[in-house]
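Accompanying notes for the structure given below.
The values are calculated or read from the model by the stated rules, or taken from the named source; none is laboratory data. Keep in mind that what you see is a predicted model, and the values were worked out from it rather than measured. Virtual Cβ from ideal backbone geometry, glycine too; neighbours counted across all protein chains shown.
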Amino acid sequence: MPVLAVPVESPAPAAPALACRGVRKVYGGAEPVVALAGVDLDVPSGEFLGVLGPSGGGKSTLLHLLGGIDRATEGTVSVGGREIGALSEGELTLFRRRDVGMVFQFFNLLPHLTIRENVELPRLLDGRSDASARAADLLARVGLAHRAGAHPYELSGGEMQRVAIARALVTGARLLLADEPTGNLDSKNGEQVLSLLDEIRHERGVTLVLATHSHAAAARADRRVEIRDGRLMAG
Amino acid sequence: MKRSTAGAGLLPALLFASVLSGAPTAAAPPLAFPADHGSHPSAAIEWWYYTGNLSDAAGRPFGFQLTFFRVGDFALAHAAWTDGSRRTFEFQEKAHLVLPGIAEFAEGRLEVMNEDWSASAKGSVHRLRLRWENRAVDLVLTAAKPPVLQGEKGLSRKGPGENEYSHYVSIPRLAAAGTLVEEGRRSPLTGTAWFDHEWGPGALPAGAAGWDWFALQFDDGSELMLYRIRTKDGAATPFSSGVFVPPAGDPVPLRSNDVRFRATGQWRSPRSGGVYPAGWEIALPRLSLSVRVDPLVADQELVTGRSTGVTYWEGACRVSGQRGGKTLTGRGYAELTGYSGRDVPGFNSR
Amino acid sequence: MTALRLVVRALVTGPARRHPLRLVLPVAGVAIGVAAIAAIHHANRSVTESFRQAAASVAGRSDFTVTGPVGVPLEAMRAFSFLWDVGSFAPAVTGIAVLQDGSGEAADLLGVDLAGDGAVRSWELVAPADRSSLLRLAGGDNVFLSEGFARRHGLRPGSPMRVVAGGVLHTLHVGGLLRFSGVARAAGEDLVVTDLLTAQRILGKIGRADRVDVVLRPGVDRAKVRRALASRMPAGLRIEAPDRSAASADRMVRAFRFNLNALGSLTLLVGVFLIANAVSISVLRRRPEIATLKAVGASRGLIFAVFLIEGAAIGVAGTLLGEAGGVFLARAALRAIGGTIANIYLPTARIAGGSFASPALLAGVVGLGAALLATVIPAAEATRVPPSPAMRAGSVEAVRRARLVPRALASVAALGLAAAASFLPPFDGFPFFGFAAVGLIVAALSLGAPLFVLVAARAAGRLLRAPLGAPGPLGAGFFGGALARNGIAVTALAMALGMTLAMIVTVASIRETVRVWVETTLRSDLWVKAAAGKSSGIVGDLPEDVLAFLAAVPGVAAVDPFRARDAAFDGRPYTLGSGDFRVVARIGGLPFLNGADPRQTAERARREGAALISEPFARRFGVSPGKRVTIDTPRGPRSFAVAGVYRDYSNDRGTVMLDRELYLQVFGDRRVSSVAVLAAPGVDPAALRRAIATAARGRYALSISTNRELRREVLRIFDRTFAVTRGLEAIAVAVAILGIANALLASAVERRRTFGLLRAIGASREQIRGAVLVEAALTGIVATGAAVAAAAAFAYLLLAVINPQSFGWTVSLDVPLTTLAGAAALVLGASILAGVFPGRLAAAVDPAAALAEE
């Protein structure tokens, strides 16, 4: 079974700078939806960028394009100087696996795996033998070492999001994309998650893009932009 | 191919007998009783035949017929009951292989049975048992006269052919007493019965179409038996014959030319469509006897599809006339075959 | 009303239109189950009904039947004549005629009093037209056939008809055609009716009838007449209920049919599991819709009702399809089963397909019921879905996990009960408790399956990480995550495979035992019986003079006559046999159970007038050496000491053997069933066979086998008997594998989001596909493991409990490891293959689209 990726030990790269040039994303169909209508954006290495905007404004689409989950219809998206639109499917998979960590509004933990397994998984997908150790470190870091054997549904929302953050970091990615991470949390838990993200950004030197509709959440960001109807406005 | 058969008593049974290659008639030993009342398995066909006119305490007249046939391995039986006051007639038939407990014919004594019908004799006393769905008749018949050997010492010729004969014994008068149980009511019966027993190869002469047979019992103690074997044009063959039994003394054999027959009426069967003579004038000038014979009930026809497959008329009759100028009354039974067109149903084609 | 319609559209028809494939599996599950039930039930019913009709065409309207150890001597019927006042009675001679028209068919020959039989049996002469002809045609060599039989064999009134009966070739003539009425109609088709005397002559039964049937008039006190008859008739005769012969024929094949029923139920059970699985999956899959509906105010009752409606719709569709398939399957099953019965049990059995209505009804009810039943639990679960669309994934699983411990305890309890049941004796001659133990093991399996899955998933999660990398724990996680669904899939496959493996062991063990037994027992060079047409067994018997004839053929050293006839003890049929014990005393060859020396035992039995009994007889009737057996003889019951119990795999009814001399003296039945012939030294058996065949021409109609042919024939019959069994097992396993594919496919669809997420966080397509294959393999492995454990239990129950109790055979264990491993590997391979398509489906998930679905 060719399911094993060859482990490649790469030197820890610097946190990537992001660059979008004329990015358009159109979802096809009977009535095409223009999610992004020409976005130009630069995020310097290590910056904490807050992306504000209403629901459906194009925040998630932008994050998907940055995270290599989706491809732009037009324009270029560069991460750390690599144009990810030009990557092959396999390269893109490796990019997602190693270079990006994502945190979602609905946590998206795998219900059938334990907390530890959820965190280990991306590192394991990369065929690394240090997955357990890294996962343990990260769980300790997010304060959930004691829940490592539990299943996601046994955790509170805040706890789940902390697990998700640990998972996003386990590969050693220097780009962290968080899509409404507090959208499903009460304010206390939301605050905890945001400060955790902020702390980790400093600890690990990552570029962090936080998409949110909440100005309060975005308050911690170094810089804020707003996306409305697929267009970027100064925040 | 031999045309099956004839018998003074009953053509029907004979019709489907296979002809036994002739036991030479001349060598037949003299008949002895009671042994010869029993079965003769070497004969192709054999039957025991009772008829009688009875009346109950109220004087209501009845007629009965009970016949057991043995044809090869088969046992057949017919029984008929005539109720003169209600003017009804019913008959039943049975057919079986000869099998123990089902239908049997004893040798050396008279003991025959077919299902729940039976006849047996000890000395001169015969017992009959007859069961219907709604009627039981038990009779004790006491022979009033010794057996009469028909024909030549009991050898009765039916035709010129080697196998055209039968052994034929009659008891012309038996005093009958017994009971009738009908629909739960029991009544005593008394009357007079007739017994015939025949056995032989069973061949009927070529050209015979049927016969008429009469057994008449007169109140003066005499009896008359007559049979006519008819050709297709209705004439009697020379082998037709009979016997007159006087109240006392030896029977008088009769030849065909001793008898004059005249049918006085006709009856058409609604079942078979056969047209039968109904009523006769019979004259025997030699015995200065002339009588009228009238059926007790017009319809006494048997259609025996299940056993012999033959349709014939066999019925109780009233007799009146005179002998030597004196009034003579009596009762009897008549048997008429070959009138329905159905009594030779293709058995001979084998 | 509108609300209901909308809800139905939202939950049922809408999703169905979007994913019509999802409906295919539950419908197919119901259809397969229904088809299998209908077919097996139809086959079984047809067998019983055919026996009943065959018996009825002989027994007619009779109220009871008198029989005797060597039939009823006709003279004995004198004692019956009182019956004419209350009814009637009719004797009959029965035997078998093997047609010599190339068909080789065996037909029941019935000799009756044709003239007087009308009161008992229901037929009429249809050609020639008038009934009185029956008298003229009775006797001689005339036989009477049904129109159908005559047509089938190209016969008309007047045609000659060549048959072998009583070991002699007879040329009979078709005297006429009969029409059977009433219950006899179907079975009467295959009767050859003739005159009682003719039948006696042909079958060598002069002076005897095989049965006398008694019919009483309405309103007659039957019990009173029966008592009166019993007191009058000669000792040795017995009075039986009229349906006895049907019952005993039915009983004869009961073990066989039970086997079928058990396997049929297995297929059904697998089918029900499959339905439950499919419905459960389809409900779980619609949780978001359910949640949304509840959020907008749909009541729990409404949700429940809608799912029941869907279950009913699936049930109806599946049932209709299944019934259609069942008609074809039934035809095939009937052919196979009818063939086996004719071959092994009753050579003249013609199993006609009965009405399909009742099997169809039963299967329909079961199919619909199973579909509804399978819907109830998932539908109830659906009602518990909270109205929040953001419901936490996996909470249904959490509920199920909580039930694991009680389930595991129940599973252990079921195992304990199964162990206890295996010690219980047969009930009414039948191993009900043995089958109950099988059922309990199945229950334990289904109760324990989720636990096995969980344990296996945990272990695999650890073990597979090193060799397989991420797909290992991922697949293990999938496997353990869908506990309920995979538990069902594992149970279904383990059950089907376990029974299959157990049957493989059982059949192999019995076959090997029989093979060894045949080698020891068959010592003569040739085996002679009456020509039997296409049947393998003994059909009809031979006149005694065949012994002198055979002995006089040059090259024959010795002849050993064997006689076997049907007998009954306490209404239970067995075989009464006789052989020449001197031959056994001289050459041995009869393996005794306790290892006793056959020569000495046979010699002692001969000297002391004792009986030898077969192992099945000893078991069925609880008789052992030193005890006595009571046998009905023409002079009433007589008891014989038992000198020994010998192994016999040729007959599961049980046999009592008497020395031929004693048998002749007691029964006066001089005919023989078969003759073993020893060739003189240096004489080639094949040449001797030719010599016998040549000498017999025109005198006897014989079938002669050499030792080797007979051995081969025994095993051929054996294999044929179990052909049906194998077919059924294959169906069960195929259905179970389909179940796995279904479960995996459902997972693939349900886990779209998960796959999307996995892809989003960097899983490659290969890794996803690998994980699904790992899950498939784990399902197969756990099921196979459980199946092996279950198979060991099943095989023990079959060999040590059910088989001795129902057939009475001691069987030595023979484990065909290669075959077993092959079967297990095949199933394992098939279950991994079942993961290929779902794996591809899973790998193809577009992460952005899947994530956007939330």
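Summary table below
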{"item": "The listed residue being modelled with pLDDT under 80 and under 21 Å from C:ALA691 (Cα atoms), out of C:GLY533, C:GLY537", "result": "C:GLY533"}
{"item": "Scope segment A:69-91; condition outside any loop (DSSP other than H, G, I, E, B) and surrounded by 22 or more Cβ atoms within 10 Å (Cβ to Cβ); matching residues", "result": "A:VAL77, A:VAL79, A:ILE84"}
{"item": "Matching option when the condition is of a type in the set (Ser, Thr, Tyr), under 30 Å from A:PRO122 (Cα atoms) and more than 11 Å from chain A (Cβ to nearest Cβ), among C:THR754, C:THR818, C:THR810, C:THR779", "result": "C:THR779"}
{"item": "Given (1) assigned to a loop (DSSP other than H, G, I, E, B); (2) at pLDDT 85 or above, index of the condition C:LEU424 fails", "result": "(2)"}
{"item": "Residue in segment C:99-106 that is aliphatic (A, V, I, L, M), within 32 Å of the chain's Cα centre (by Cα), over 28 Å from C:ARG226 (Cα atoms) and modelled with pLDDT of 85 or more present", "result": "yes"}
{"item": "When residues of segment C:67-79 are limited to those that are modelled with pLDDT under 90 and part of a strand (DSSP E or B), the one nearest to the other protein chains (Cβ to nearest Cβ)", "result": "C:GLY71"}
{"item": "Where C:LEU114 falls short, out of the listed (1) modelled with pLDDT of 85 or more; (2) surrounded by 21 or more Cβ atoms within 10 Å (Cβ to Cβ)", "result": "(1)"}
{"item": "Residue match in segment C:490-500 (condition: of a type in the set (A, V, I, L, M), under 30 Å from C:ARG586 (Cα atoms), touching a Gly at 6+ places or on another chain (Cβ under 9 Å) and at pLDDT below 80)", "result": "no"}
{"item": "Positions within segment C:762-776 being under 28 Å from A:VAL100 (Cα atoms) and either more than 12 Å from chain A (Cβ to nearest Cβ) or among the basic types (Lys, Arg) (or both), in sequence order", "result": "C:ARG765, C:ARG769"}
{"item": "Some residue of segment A:54-75 being of a type in the set (Lys, Arg) and within 17 Å of A:HIS213 (Cα to Cα)", "result": "yes"}
{"item": "Considering residues of segment A:144-155 that are touching a helix residue (DSSP H, G or I) at 6+ places or on another chain (Cβ under 7 Å) and modelled with pLDDT of 85 or more only, the residue farthest from the other protein chains (Cβ to nearest Cβ)", "result": "A:ALA145"}
{"item": "Matching residues in segment C:80-98 - criterion: being closer than 17 Å to C:LEU178 by Cβ and surrounded by fewer than 21 Cβ atoms within 10 Å (Cβ to Cβ)", "result": "C:THR94"}
{"item": "Strands (runs of 3 or more DSSP E) fully within segment B:250-311 counting 1 or more residues that are away from chain C (no Cβ under 14 Å) and polar (S, T, N, Q)", "result": "B:266-268, B:289-295"}
{"item": "Residue match in segment B:224-235 (condition: of a type outside the set (Lys, Arg), over 27 Å from B:VAL275 (Cβ atoms) and surrounded by 24 or more Cβ atoms within 10 Å (Cβ to Cβ))", "result": "no"}
{"item": "Top-ranked residue of segment A:98-137 - restricted to ones that are part of a helix (DSSP H, G or I), more than 7 Å from every other protein chain (Cβ to nearest Cβ) and of a type in the set (A, V, I, L, M, F, W, C), ranked as farthest from C:ARG753 (Cα to Cα)", "result": "A:ALA133"}
{"item": "Selection from segment B:239-248 of residues that are free of Cβ contacts under 8 Å to residues at least 40 places away in the same chain and under 14 Å from B:ALA209 (Cα atoms)", "result": "B:SER240"}
{"item": "Restricting segment C:692-707 to residues that are loosely packed, with under 15 Cβ neighbours inside 10 Å and modelled with pLDDT of 85 or more, the residue that is farthest from C:ALA532 (Cα to Cα)", "result": "C:THR694"}
{"item": "Single residue of segment C:617-647 satisfying the filter (assigned to a loop (DSSP other than H, G, I, E, B) and touching a residue at least 40 places away in the same chain (Cβ under 8 Å)) that is surrounded by the most Cβ atoms within 10 Å (Cβ to Cβ)", "result": "C:PRO634"}
{"item": "Residue within segment C:773-792 that is outside any helix (DSSP H, G or I) and surrounded by fewer than 22 Cβ atoms within 10 Å (Cβ to Cβ) present", "result": "no"}
{"item": "Check on A:PHE95, surrounded by fewer than 24 Cβ atoms within 10 Å (Cβ to Cβ), more than 7 Å from chain C (Cβ to nearest Cβ), among the aromatic types (Phe, Trp, Tyr) and farther than 29 Å from C:ALA482 by Cβ", "result": "yes"}
{"item": "Those strands (runs of 3 or more DSSP E) lying entirely in segment A:140-235 with at least 1 residues surrounded by fewer than 21 Cβ atoms within 10 Å (Cβ to Cβ)", "result": "A:223-228, A:231-234"}
{"item": "Residue within segment C:454-463 that is more than 11 Å from every other protein chain (Cβ to nearest Cβ), β-branched (Val, Ile, Thr), crowded, with 24+ Cβ neighbours inside 10 Å and under 44 Å from the mean Cα position of the chain (by Cα) present", "result": "no"}
{"item": "Count of residues meeting criterion [part of a strand (DSSP E or B) and away from every other protein chain (no Cβ under 14 Å)] in segment B:82-124", "result": "9"}
{"item": "Among the residues listed as C:ALA568, C:ALA564, C:ALA551, C:ALA558, the single one being at pLDDT 90 or above and surrounded by fewer than 20 Cβ atoms within 10 Å (Cβ to Cβ)", "result": "C:ALA551"}
